[in-house]
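Report on the following structure.
Read the figures in this text as sums done on the coordinates, not as results from a lab. All of these numbers come straight from a predicted model, not from anything done at the bench. Virtual Cβ from ideal backbone geometry, glycine too; neighbours counted across all protein chains shown.
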Amino acid sequence: MIQTELNGCFGLLKIIKIIWRKSTYMSMYVIKFENDKRCLYCCKYHAFITEDLQAKKITELKSGDVIWIDISAFISDGSFK
């Protein structure tokens, strides 16, 4: 049996809205969360793990999904603000 331990950098957040934004240079997704005022900015190549341990691409997520994100990594690169 495999056991997973999180290092404390991960947060479990519930999605309330996913917005697709397109510009002349690139398109991006903005995820708004129910239990956090910050937004996550990501591209179509990002994937996340849901609370029931299913891997989903950003295009497969929907409102109401609860996902694990590495908060410290996204804060350090400026995509979670």
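Counting lysine pairs in the range 10-76 whose alpha carbons fall under 13 angstrom apart, excluding pairs fewer than 8 residues apart on the same chain, gives 10.
Under 5 Å between amide hydrogens, built in the peptide plane, is the criterion, and for F33 it picks out I16 among residues at least 5 positions away or on other chains.
If you average the sequence gap of Cα pairs under 8 Å that are 6 or more apart and divide by the length of the chain, what percent do you get for the contact order?
Relative contact order here is 32 percent.
Remark: the Q54-K22 segment gains 8.8 nm on full extension, using 0.36 nm per residue and subtracting the alpha carbon distance. Scalar couplings 3J(HN,Hα) for the range 35-42, obtained by applying the Karplus form with A = 6.51, B = -1.76, C = 1.60 to θ = phi - 60°, are 9, 7, 7, 6, 10, 10, 9, 8 Hz; x denotes Gly and Pro. With viscosity 0.692 mPa s and temperature 37 °C, the Kirkwood radius over alpha carbon pairs of the chain converts through Stokes-Einstein to a diffusion coefficient of 248 µm²/s.
Seen from V30, the other residues with C-beta closer than 9 Å to its C-beta sum to a net charge of +3, counting Lys and Arg as +1 and Asp and Glu as -1. Seen from F74, the other residues with C-beta closer than 10 Å to its C-beta sum to a net charge of 0, counting Lys and Arg as +1 and Asp and Glu as -1. Between C39 and F10, the modelled labels are 2.7 nm apart [label points 7 Å from Cα along Cα→Cβ]. Between the amide H of C39 and those of K81, distances stay under 5 Å, these residues lying 5 or more places away or on another chain, with hydrogens modeled in the peptide plane.
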